[in-house]
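Notes follow the structure.
What follows draws every value from the coordinates through simple rules; no lab data is involved. What you see is a predicted model, and the numbers here were worked out from it, not measured in a lab. In this analysis, Cβ positions are derived from the backbone assuming ideal geometry, glycine residues included, and neighbour counts consider all displayed protein chains.
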Amino acid sequence: ITSTASGTNQGITLNATSSTGSDNLIFQSSNNEVMRIKSTGLVGIGTDSPSYKLDVRNGIISGGNGTIFGGITYSTRSEIGSFSNHDLGLITNNSTQVLIKTNGNVLINTTTDAGGAKKLQVNGDALINNLLWFTPSSGLMALGANGTNFEIYNGSGAETRLTLANTGNVGKGVS
């Protein structure tokens, strides 16, 4: 341990050297390792073999305006999120692709919330491989494709109420 109190490099320097060449700096509490800084600069909390610049295992990573959970498991789910009043975004290629707003709205490929009861907002095409269900006050309805036709179904999805055929014909029982 070296302490400097003058010049531009004020502070305390910790230096770990060993005859084996594994110059790791290890922090312990009650004789248990709690953090390790490897000679390569990798920092591990909850692990003695970090793989990343900051490798946190079995705990909470906290930073900035929110909290990210990792490895927190409840009886039926794991969670990622924020305890504070901040949106949660998923980013790829330095661009927000999915944004969960504090009001619960989910935005895909947009960060502009239309507001209100529009809980899912997609900017671009969406692919649905089966039925899309709606629950208006009068009961369930579904939209979907049957082969090359587009159809509207009743609440059970068993009876076709309206068909838009690939020929352009519209109606019930059309082809």
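What the table shows:
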| item | result |
| --- | --- |
| Sites Ala165 and Leu140, calculated FRET efficiency, Cβ-Cβ separation with R0 22 Å, nearest 0.05 | 0.40 |
| Segment Asp23-Leu88, extension gain: residue separation times 0.36 nm, minus the distance between their alpha carbons | 19.5 nm |
| Burial order of peptide ranges 123-136, 43-56, 106-119 (average beta-carbon count within 10 Å, highest first) | 43-56, 106-119, 123-136 |
| Distance in nm between pseudo-label sites at Asp55 and Ala126 (7 Å out along the Cβ direction from Cα) | 4.0 |
